[in-house]
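The values are calculated or read from the model by the stated rules, or taken from the named source; none is laboratory data. Keep in mind the model is a prediction, meaning the values are calculated, not measured. No Cβ is skipped: glycine too gets one built from the backbone with ideal geometry, and neighbour counts run over all protein chains shown. Keep in mind that these areas ignore ligands, DNA and RNA; they rest on the heavy atoms of the full protein, side chains included. Shrake-Rupley method; radii C 1.70, N 1.55, O 1.52, S 1.80 Å.
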Amino acid sequence: MGGRDATMVLLDENGIRCDGRKVNEPRRIMIKAGGLKNADGSAYIEFGDNKILVGVFGPRDVHPKHMSNTDTGILRVRYHMEPFSVGERKNPAPSRREIEISKVIKEALEPAVMLDKFPRTAVDVFIEVLQADGGTRCAALSAASVALADAGIPMRDMVAACAAGKVADTIVLDVNNEEDQAGQADMPIGYMPNLEKITLLQLDGVLTPEEYTKCVQVGVDGCKIVYDIQKKALQDKYFGNGGD
Ligand code: ADP
């Protein structure tokens, strides 16, 4: 937060944002289910200029064994950004940010996955961010849900994710990188539309109680848009001609 480029117009007099979008308009979203033949399930997402690949492995034996749970399966998530995914080369060592995002994505997926159906095993979710442009945790979470479904992991619902935020004193859907840097608030949301449950909600910035409520509503509406694209990706693979 905090005005990196004071000259950039975040919202013009016609309500058009710095990348040409309207206030409630998400970036272009494309999801493909499958694609990695060595994974049990996989998905690729383009969310604006974010490009992310997810591979799911399992349920499989847990190593080290003492990490397994006799009552339930465990979910492990690794979010990793390629050094070339951002303008200035990212240090390849795991960063605190990557550890944090791995944890929040794992916790956002857990309510959706029926882990009790496969005790003593693990499901591993590997997230590779090839190109980052703001909102990678939401894009990655949405793709991870599709990859889990593609792996045939029993789920209660899919988690769809999208951020809302505050830019130029206005609540907008799907904050991009410039808006994240120069805007006033960013609220990533993960939501299960069928169960009507939020599984991820973070907030960076300051909002009034009214703005907070509006932001949640706008973000949840964005998740519903993402959900339709997630379902279409699975339909295209399993019932259409997009399978491999
Ligand atoms: P998210 O990607 O979920 O929005 P952040 O808010 O932490 O997570 O990051 C916002 C954006 O900042 C990222 O999407 C990426 O474009 C950029 N970014 C993150 N880490 C780095 C980094 N090490 N170097 C350059 N840009 C980065």
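Taken over segment 191-242, residues that are open to solvent by 50 Å² or more (accessible area, probe 1.4 Å), assigned to a helix (DSSP H, G or I) and hydroxyl-bearing (Ser, Thr, Tyr) amount to 3.
For segment 181-209, a residue qualifies if it is touching a Cys at 6+ places or on another chain (Cβ under 7 Å) and either over 20 Å from Ile101 (Cα atoms) or more than 15 Å from the ligand (Cβ to nearest atom) (or both), and the qualifying residues are Tyr191, Pro193, Leu207.
Among the residues of segment 91-109, are any more than 22 Å from Tyr191 (Cα to Cα) and in contact with a Pro (Cβ under 8 Å, 6 or more places away or on another chain)? Yes, segment 91-109 contains a residue that is more than 22 Å from Tyr191 (Cα to Cα) and in contact with a Pro (Cβ under 8 Å, 6 or more places away or on another chain). Within segment 106-151, the residues that satisfy the criterion of being buried (at least 19 other Cβ atoms within 10 Å of the Cβ), away from the ligand (no atom under 16 Å from the Cβ) and assigned to a loop (DSSP other than H, G, I, E, B) are Ala112, Ala151.
Only residues that are part of a loop (DSSP other than H, G, I, E, B) and either surrounded by 10 or more Cβ atoms within 10 Å (Cβ to Cβ) or within 12 Å of the ligand (Cβ to nearest atom) (or both) were counted in segment 70-94, giving 12.
Taken over segment 224-237, the criterion of being of a type outside the set (A, V, I, L, M) and in contact (Cβ under 8 Å) with a residue 60 or more places away in the chain is satisfied by Lys224, Tyr227, Gln230, Lys231, Lys232, Asp236, Lys237. Selection within segment 36-56: residues that are open to solvent by 50 Å² or more (accessible area, probe 1.4 Å) and over 15 Å from the mean Cα position of the chain (by Cα). The member of this set that is nearest to the ligand (Cβ to nearest atom) is Leu36. Pairs are defined by a Cβ separation below 7 Å, a sequence spacing of at least 6 or placement on different chains, a first member in segment 88-100 that is without any contact (Cβ under 8 Å) to a residue 24 or more places away in the chain, and a second member that is assigned to a helix (DSSP H, G or I) and within 11 Å of the ligand (Cβ to nearest atom); the pairs so defined are Arg89/Pro83; Lys90/Pro83; Pro92/Pro83.
For Ile99, state whether it is under 14 Å from Gln131 (Cα atoms), modelled with pLDDT of 95 or more and not in a loop (DSSP other than H, G, I, E, B). So Ile99 does not fit the description; no. Among the conditions (1) open to solvent by less than 30 Å² (accessible area, probe 1.4 Å); (2) over 18 Å from the mean Cα position of the chain (by Cα), the only one that Ala168 does not satisfy is (1).
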